[in-house]
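*Asks:* Pasting a structure here, questions to come.
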Ligand code: HEM
């Protein structure tokens, strides 16, 4: 039975927040022993023991998995936010789940518990994900030094993280790209015109967004423009089509290889072969672009660090070598396309079904970009208050990361219960952010709630809306991702009035939260509307 559930992906639930959390609980037999230590060590406090935390009933051999059996079970693996809401309603703000016997997960929902998760994540916050990718990379030491940022834990993770973030988190390095980003977005805007003419009423816009974000990521990762939106690149066998396909294939292999029996460690399973093939393709492109860049750097005179691209800065770092840079480039391709595509999809959906918000954004875009052809600059973005509120409200309503998981580095008290060190504790981004306790009309899209001077503004805990995670292991590319999405949303609304032809958009929990329907958006050129 357990094996069947494994095969059907039923164990996903404790990995499902991949790629961003360590999901398999490291505690098994150990926990019971630790539980009694904890009970003793906290005897002097009022905290209650771990095994009294409420949660779904666990059965011998199958734990709580029976709740996820299709039709019969009350939870659905593809709708983790619905499960989370049900758990919160039924058991309260702290839920313990014995997903298989001896393997525990603790779900937290309140801001103070979420804060506690991050306060107890230790020096090297850990995740356990992308295991097959890690194996692939360690089997190819000629190309990679280690698993790269996404799967690696411990001191090696920190070695990479500290070097890459010095560059990627520097405002100057990210701002440097704005003129090129603006140019790509302008091409995209022009392309929408052609797209709307050829698209029927029901044409999925997601593919267009994926191509845009692939283009933007490659610009930053390799200093190249692929021309992903051009007619030739839209053909099936083109470089951009193959790159999109390969990154999607890798990402969709992650959950299934992280979960279930890890036969791929010994034999090349069908899924592992798919991952391997797609990685081989992506890395061939990465190695080619990076080597060419390195060569051109050795031939040209060195410029100041403020004008160097990210790739140039990485390649000139004494602490990194070309293999580290290749690993990082691959991680950027894997983590940078779907995340921004899905978030922008949700933002555009909310704007389309909330014309009042869209009008306000349009007004802001006209103020900041006096002519539609005006470029996005750092000063435009600095003043784009409503645009930022739109994105933040999108993150509150539809965070693409279901939750953030950490393995507790210390015994910790959550909502009055002791939770032992080593337990996997997971937040529930969307569920927490839609609680009426913290947000008025939580299911309504109200960007004004984030504008300090607005009457609807209300201060909330900074631990509630955490779409990029928090602390040293949070998203390394947040600045870049936000810059890209603010620019896209602002410029798009400056040019087009957007409408919606689909039903209510919710999400499915795959590797990250993906819109559960095609993106049936309509575009009317503003100049033709007025
Ligand atoms: C909507 C956009 C994005 C969202 C919401 C997002 C969210 C996240 C989250 C939640 C994490 C894990 C944080 C944690 O565990 O505390 C993460 C990690 C990461 N993200 Fe993003 N991300 C986005 C875009 C990007 C982009 C554009 C890139 C690359 C160009 C990127 C690269 C990474 C990498 C490499 C990590 C692993 C960092 C580490 O383990 O040290 N992300 N992201």
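*Asks:* Which FRET efficiency value, to the nearest 0.05, is calculated for residue 252 and residue 202 with the Förster distance at 25 angstrom and r the Cβ-Cβ distance?
*Replies:* Computed FRET efficiency for residue 252 and residue 202: 0.55.
*Asks:* Round to the nearest 0.05 the FRET efficiency obtained for residue 299 and residue 383 when R0 = 41 Å and r is the Cβ-Cβ distance.
*Replies:* For residue 299 and residue 383, the calculated efficiency is 0.50.
*Asks:* Determine which residues of the stretch 373-388 fall in the zone a paramagnetic label at residue 451 would reach in this model, i.e. backbone nitrogen under 15 Å from the point 7 Å along Cα→Cβ.
*Replies:* Residues passing the 15 Å test: 383-388.
*Asks:* Additional query: Rounded to a whole number, what is D in µm²/s for the stretch 192-340 from Stokes-Einstein with the Kirkwood radius over alpha-carbon pairs (10 °C, 1.306 mPa s)?
*Replies:* Stokes-Einstein gives a translational diffusion coefficient of 92 µm²/s.
*Asks:* Something else now. Order by neighbour count: 338, 223, 288, 506, fewest other Cβ atoms within 10 Å first, most last.
*Replies:* Ranked by crowding around the Cβ, least crowded first: 288, 506, 223, 338.
*Asks:* Something else now. Do you know the relative contact order of the chain, to the nearest whole percent, from alpha carbon pairs under 8 angstrom that are 6+ apart?
*Replies:* 25 percent
*Asks:* Note the full-extension length gain between residue 284 and residue 459 as 0.36 nm times their separation in residues minus their Cα-Cα distance, in nm to one decimal.
*Replies:* 58.2 nm
*Asks:* Once the Cβ-Cβ distance between residue 268 and residue 76 is put in as r, and R0 is 35 Å, what FRET efficiency do you end up with, to the nearest 0.05?
*Replies:* In this case the efficiency is close to 0.65.
*Asks:* What order do you get for 517, 293 when you list them from fewest to most C-beta neighbours inside 10 Å?
*Replies:* Ordered from fewest to most neighbouring Cβ atoms within 10 Å, 517, 293 come out as 517, 293.
*Asks:* How much of the DSSP beta bridge set in the chain is antiparallel, as a percent to the nearest 5?
*Replies:* 80 percent
*Asks:* Given the C-alpha centroids of the stretch 122-180 and the stretch 209-268, what is the distance between them in whole angstrom?
*Replies:* So the two Cα centres are separated by 18 Å.
*Asks:* What is the distance, in nm, between label points placed 7 Å from the Cα along the Cα-to-Cβ direction at residue 371 and at residue 69?
*Replies:* 6.8 nm
*Asks:* Could you list log10 I(q)/I(0) for the stretch 373-508 at q = 0.16 Å⁻¹, which the Debye formula gives when each Cα is one point scatterer?
*Replies:* -1.01
*Asks:* Per residue of the chain, what 222 nm ellipticity follows from adding -39500 (n - 2.57) for every DSSP H run with n ≥ 4, rounded to the nearest 500?
*Replies:* Computed mean residue ellipticity for the chain: -15000 deg cm²/dmol.
*Asks:* Right, another one. Zone of residue 224 (label point 7 Å along Cα→Cβ, backbone N under 14 Å): which residues in the stretch 330-370?
*Replies:* Label zone hits: 330, 333.
*Asks:* Measure out, as a whole number of angstrom, how far apart the alpha-carbon centroids of the stretch 361-439 and the stretch 479-527 sit.
*Replies:* 16 Å
*Asks:* What is the fewest-to-most order of 265, 48 by other Cβ atoms lying within 10 Å of their Cβ?
*Replies:* Result, fewest neighbours first: 265, 48.
*Asks:* Could you pull the Cα extents of the chain along its three principal axes, largest to smallest, in whole Å?
*Replies:* Rounded to whole Å, the extents work out to 67, 57, 43 Å.
*Asks:* Further question on the same structure: Calculate, in whole percent, how much of the Cα-Cα pair population of the stretch 182-256 lies beyond 18 Å.
*Replies:* Of all Cα-Cα distances in the stretch 182-256, 43 percent exceed 18 Å.
*Asks:* Here is a further query. In nanometres, what is the gap between the two model label sites at residue 142 and residue 112, each 7 Å from Cα along Cα-to-Cβ?
*Replies:* Output for this residue pair reads 5.8 nm.
*Asks:* Additional query: Quick one: length gained pulling residue 443 to residue 180 fully straight, 0.36 nm per residue minus the C-alpha distance?
*Replies:* 91.0 nm
Each value in this text was obtained by applying a stated rule to the coordinates, not by laboratory testing. Predicted, not measured: the structure shown is a model, and the values here were computed from it. Cβ atoms come from the backbone with ideal geometry, glycine included; neighbour counts cover every protein chain shown.
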